[in-house]
Amino acid sequence: MAEHAEHPAHAEHPAYPVGLRLAGRRVVVLGGGQVAQRRLPALIAAGADITLVSPSATPSVEAMAEAGEITWVKRRYEDGDLAEAWYALVATTDPASNAAASAEAERRRIWCVRSDDAEAASAWTPATGRCEGVTVAVLTGHDPRRSAAVRDAVLEGLRDGSIAAPQQRARTPFVALVGGGPGDPDLITVRGRRLLAEADVVIADRLGPRDLLDELPPHVEVIDAAKIPYGRFMAQEAINHALIEHAKAGKSVVRLKGGDPFVFGRGMEEAQALAAEGIACTVVPGISSSISVPGAAGIPVTHRGVAHEFTVVSGHVAPDDPRSLVDWASLAKLTGTLVILMGVDKIGKIAEALVAHGKDPGTPLALVQEGTTAAQRRVDATLATVAEVVRTEDVRPPAVIVIGPVVAEGPGRPVR
C-alpha cells in the first residue's frame with residue numbers, strides 16, 4: 001500500500017494494495033513505544049530481519065529484544081539508519097526525527113509508514129487479520145476504526161462460516177478433536193468454530209454446544225455419539241470406529257466434545273485409535289468446565305490468600321469402588337480448591353470419604369448445574385449437608401462441584 005504524499009495531485013488516488021514478503025529482509029523500526037509494540041509481532045511473524053532504533057522501549061518490546069526476535073540499537077535515530085532497508089516504520093515521539101527519517105526513506109526509495117503523519121508517509125498500514133492462510137487487509141482512507149470494524153466483520157464471517165469462501169483447490173480431509181467448551185456456544189474457540197464450518201461429518205457428544213449444530217450447512221452429516229449403533233462394540237470403540245470409517249472415506253471429520261478433549265473427554269483414546277490406522281488428527285483445546293463453570297457462577301478456583309491451588313477430579317466412581325484411581329485421603333489434606341466433575345450421584349459418598357479422612361464437615365461446597373447455559377443454577381451446601389441438599393434440590397447432571405473456601409468468596413447463596 002503506497003501513496004506519495006509529496007504529490008498533492010495524486011492525493012485523491014487510493015493506495016495500491018500489495019503484500020510484502022519480508023522474510024529475511026531488513027526492516028527498520030524507529031521508536032520503541034506503543035505503536036512499535038503493536039506492529040512488531042506481525043513483522044516478526046513475517047520473518048523480517050528487524051532493527052529497532054530507540055533509546056527506550058516498552059517492557060514488551062524489550063522482551064522481544066531479549067528473546068532475540070529483534071535487534072535493538074539503544075539510541076535516537078541518525079541519518080543513515082535506514083540504509084539497505086526494504087521497509088521502515090517511523091514511530092518516535094520526536095516530530096523532527098520522524099520527518100528526517102521519512103525524508104531519508106524517500107531518498108533511498110524505501111516504503112515508509114509514519115505513525116504521526118499518514119499524509120507524509122509513502123505507505124499506510126492496513127487493519128490486518130488472518131484466518132487459516134487467508135490474510136484480510138482493509139484500508140479506508142483516514143478512518144482506521146472503520147478499517148478495523150470491516151476487518152473484524154470479514155474475519156468473523158470466515159471463522160464462523162457465514163461468509164462462504166470455498167477453496168477452489170482440492171481440500172485435504174482432516175480429523176479434528178474439538179473441545180466445544182462448557183455449553184455456551186459462544187465459548188468454543190475460534191479455530192474450533194471454523195473447523196466445524198468446514199466439516200463434512202460431525203460426531204457430537206451430548207455435552208457439546210448443541211446450538212452450534214443448527215448453524216451447520218445442510219450437507220453436513222451430524223452423528224449423535226450417544227446414538228451410534230454399538231453392535232459388537234463398546235461405546236467408545238464404536239465412536240473410534242466411526243471416526244476411522246469416515247476419515248478413510250475422505251471426509252473432513254470433527255469430533256465435537258464438551259469442555260476440553262483431554263480433560264475426562266477420552267480424547268487421547270480417539271487420537272491413539274486414529275494413529276493406529278495411520279490417520280493424523282488435530283486437537284483443538286476447549287475451555288474446560290472445571291474452571292469456566294465455577295467462574296460463570298461467581299466462584300474463583302484460586303484466590304489470593306485463600307487458595308493457591310486447585311485439583312480436578314473425576315467423580316464417576318465412588319471412593320469405595322475398586323476401580324477408583326483417586327487418592328481421597330490425600331485430597332482431604334489439601335487446603336486449596338477441589339473441583340469434581342461427573343460426581344453428582346456419588347457426591348454423598350465422596351463427602352463422607354473426605355470427612356472421614358479429616359476434611360472439615362463445614363467446608364463450603366457448591367454445585368453448578370448446566371453451567372454457562374440459560375439453564376444454569378447454583379446450589380450451595382457443605383460437606384455435611386450436600387447429600388441431603390442434592391436430594392431435596394433435585395440436582396442433576398451435568399453439574400460441576402466445587403469444594404473449598406473459595407465457594408464463600410463468590411456472590412452466591414449462603415451455605416446451608
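The values are calculated or read from the model by the stated rules, or taken from the named source; none is laboratory data. For clarity, every value in this text was computed on a predicted model and none was experimentally measured. With ideal geometry, Cβ positions are generated from the backbone for all residues, glycine too; neighbour counts draw on all protein chains shown. Ligands, DNA and RNA are stripped out before the accessible areas are found, and what is left, the full protein with its side chains, is counted by its heavy atoms. Shrake-Rupley method; radii C 1.70, N 1.55, O 1.52, S 1.80 Å.
Candidates are the residues of the range 218-245 that are part of a loop (DSSP other than H, G, I, E, B) and modelled with pLDDT under 80; the one that is most open to solvent (accessible area, probe 1.4 Å) is 232.
Taken residue by residue, the range 283-296 has at least one member that is farther than 26 Å from residue 196 by Cα and open to solvent by less than 20 Å² (accessible area, probe 1.4 Å). Of the listed requirements (1) in a loop (DSSP other than H, G, I, E, B); (2) surrounded by fewer than 19 Cβ atoms within 10 Å (Cβ to Cβ), residue 208 misses just one: (2).
Checking 383, 365, 334 one by one, the residue that is under 20 Å from residue 300 (Cβ atoms), over 27 Å from the mean Cα position of the chain (by Cα) and open to solvent by 60 Å² or more (accessible area, probe 1.4 Å) is 334 and no other. Out of (1) touching a helix residue (DSSP H, G or I) at 6+ places or on another chain (Cβ under 9 Å); (2) not acidic (Asp, Glu); (3) not in a loop (DSSP other than H, G, I, E, B), what's the single condition that is false for residue 330? So residue 330 meets the others, but not (1). Scanning the range 174-200 for residues that are hydrophobic (A, V, I, L, M, F, W, C), touching an Asp or Glu at 6+ places or on another chain (Cβ under 7 Å) and either under 17 Å from residue 271 (Cβ atoms) or open to solvent by 50 Å² or more (accessible area, probe 1.4 Å) (or both) yields a single hit, 177. Among the residues of this structure, residue 15 does not count as one that is of a type outside the set (D, E, K, R), assigned to a helix (DSSP H, G or I) and touching a residue at least 60 places away in the same chain (Cβ under 8 Å).
Taking residue 146 and the conditions (1) outside any helix (DSSP H, G or I); (2) free of Cβ contacts under 8 Å to residues at least 12 places away in the same chain, which numbered condition does it fall short on, given that it satisfies the others? Against the list (1) outside any helix (DSSP H, G or I); (2) free of Cβ contacts under 8 Å to residues at least 12 places away in the same chain, residue 146 comes up short only on (1). Going by the structure shown, is residue 374 out of contact with any strand residue (DSSP E or B) (no Cβ under 8 Å at 6 or more places or on another chain), under 21 Å from residue 183 (Cα atoms), open to solvent by 10 Å² or more (accessible area, probe 1.4 Å) and part of a loop (DSSP other than H, G, I, E, B)? Considered against the rule, which asks whether it is out of contact with any strand residue (DSSP E or B) (no Cβ under 8 Å at 6 or more places or on another chain), under 21 Å from residue 183 (Cα atoms), open to solvent by 10 Å² or more (accessible area, probe 1.4 Å) and part of a loop (DSSP other than H, G, I, E, B), residue 374 comes out as yes.
Of everything in the range 31-84 that is closer than 23 Å to residue 20 by Cα and in contact (Cβ under 8 Å) with a residue 60 or more places away in the chain, the residue that is surrounded by the fewest Cβ atoms within 10 Å (Cβ to Cβ) is 42.
When 306, 344 are screened for being in contact with a Pro (Cβ under 7 Å, 6 or more places away or on another chain), surrounded by fewer than 17 Cβ atoms within 10 Å (Cβ to Cβ), touching a residue at least 24 places away in the same chain (Cβ under 8 Å) and at negative phi, only 306 passes. Specify the residue that is nearest to the chain's Cα centre (by Cα); the eligible residues are those in the range 264-318 that are more than 23 Å from residue 331 (Cβ to Cβ) and part of a strand (DSSP E or B). Ranking the qualifying residues of the range 264-318, first place goes to 284.
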